[in-house]
Amino acid sequence: MPRPGPLNLITDIDGLTVGHATDEEARSGVTVVLLDSAWAASIDVRGGGPGVRESETLQPGNLVGRAHAIALAGGSVFGLAAADGVAAALSTRGIGLHLRPGTPAIPIVPAAVLHDLANGGNKHWGEDPPYRRLGQAALAAAGRSFVLGATGAGRGAMAGTLPGGLGSASIDLGDGLVVGALVAANPIGSVFMPDGRTFWSWPFEIDGEFGGRRPAQDAPPTVEPLPEHCRLAELGRTQAGANTTLAVVACSADLDSVECHRIAMMAHDGMARAVRPAHTPFDGDTVFALAAGRFAAGTGNARQVQIGRIGSAAADCLARAIARGVHANGGVR
């Protein structure tokens, strides 16, 4: 039976590291996924209010279809500057596309942001938001192990009316095929069933990784379309772009950008399993998909079967990562 990797983090995939930087005064932060080369990549956006950078670069059919790093940030539109800091730092290392001798390296650093401007932190930064600096600090901190919960891009996140957070999970499918997910969970929807304590993700939990709670036999199967909508309105969250779930899924397989796009699409199912409702007009739900190129996925129909396996595992990992992030942040009534 497939099991999580040794860390149960997205960094169980060789060649991928993660770093956080958090500004406690602002109650916001940045998380950077650093790749050891230009990995095949794509993106799929399902929410109605996204905040993204370099998204078209990763669309199937466009020229590059690869990434050197991914930046996730709080701060809404201001957080997109995190990718500027990462790109500048990578370029000084000579990492990026080299289009002509003697010109700077051009790193591809797609990014996505969540809205945490109303969480009570000090956002009076004037013309100097902290996100470029935080992006460079998160890059410098990148490693195999990292903490979950109220850190990095998940520092100011909310899940409905409760604390959200930064989560991750992995699964080892055997023979060198590993799949993982990283998520900053800030959805308008609820991650809990109506009992307020059981995660919607509970069927996918492994070894009690987010508390081991199970629903009562008579638990109702449905939830209000927008739980606690009056409270959400008071918090200013019933507005387009005020919420989002940002995710990166990755695998060790030798996929191309078009195949990564299929993985990103399938991974969104995990978001819908973990959050109800998901993909609303108020959310900016975004999934990046990355492929390391180390595991040979085969050819022909056998390759398509492997892509299906990877996409299904990515969805399960994403559902688990959302619950793990909220659980690590103590987000239970």
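Observations on the structure shown:
- A dipole drawn for region 10-328 from +1 and -1 charges on Cβ atoms has a positive end, and of Ser28, Gly164, Val64 the residue lying farthest that way is Val64.
- Relative contact order (%) - the chain, alpha-carbon pairs under 8 angstrom, separation at least six: 26 percent
- Length gained when the stretch Arg3-Ile106 is fully extended (0.36 nm per residue, less Cα-Cα span): 33.3 nm
- Share, in percent, of DSSP beta bridges within the chain that are antiparallel, nearest 5: 80 percent
- In this Cβ point-charge picture (+1 for Lys and Arg, -1 for Asp and Glu), the chain has a dipole of about 100 debye about its Cα centre.
- Residue-wise HN-Hα coupling along region 200-207, computed from phi with Karplus coefficients 6.51, -1.76, 1.60 (Hz; x: Gly, Pro): 4, 7, 4, x, 9, 5, 10, 6
- Ordering Met193, Ala272, Phe288 by the projection of their Cα atoms onto the charge dipole of the chain, which places +1 on the Cβ of Lys and Arg and -1 on the Cβ of Asp and Glu, puts Phe288 at the extreme positive end.
- For region 1-40 and region 148-184, distance of Cα centres in Å: 9 Å
- Nitroxide proxy distance, nm - points 7 Å out along Cα→Cβ at Ala216 and Asn62: 5.0 nm
- The label-point distance for Val305 and Thr92, in a model that sets each label 7 Å from Cα toward Cβ, rounds to 5.0 nm.
- DSSP H segments from the chain that extend 24 Å or more along their own axis, Cα-based, with Kyte-Doolittle mean of -1.0 or above: 257-274, 300-328
Read-outs throughout are calculated quantities, based only on the coordinates presented, and are distinct from any laboratory measurement. Because the structure is predicted, anything quoted here is derived from the model rather than measured. Every residue, glycine as well, gets a Cβ built from its backbone with ideal geometry; the counts of neighbours run over all protein chains shown.
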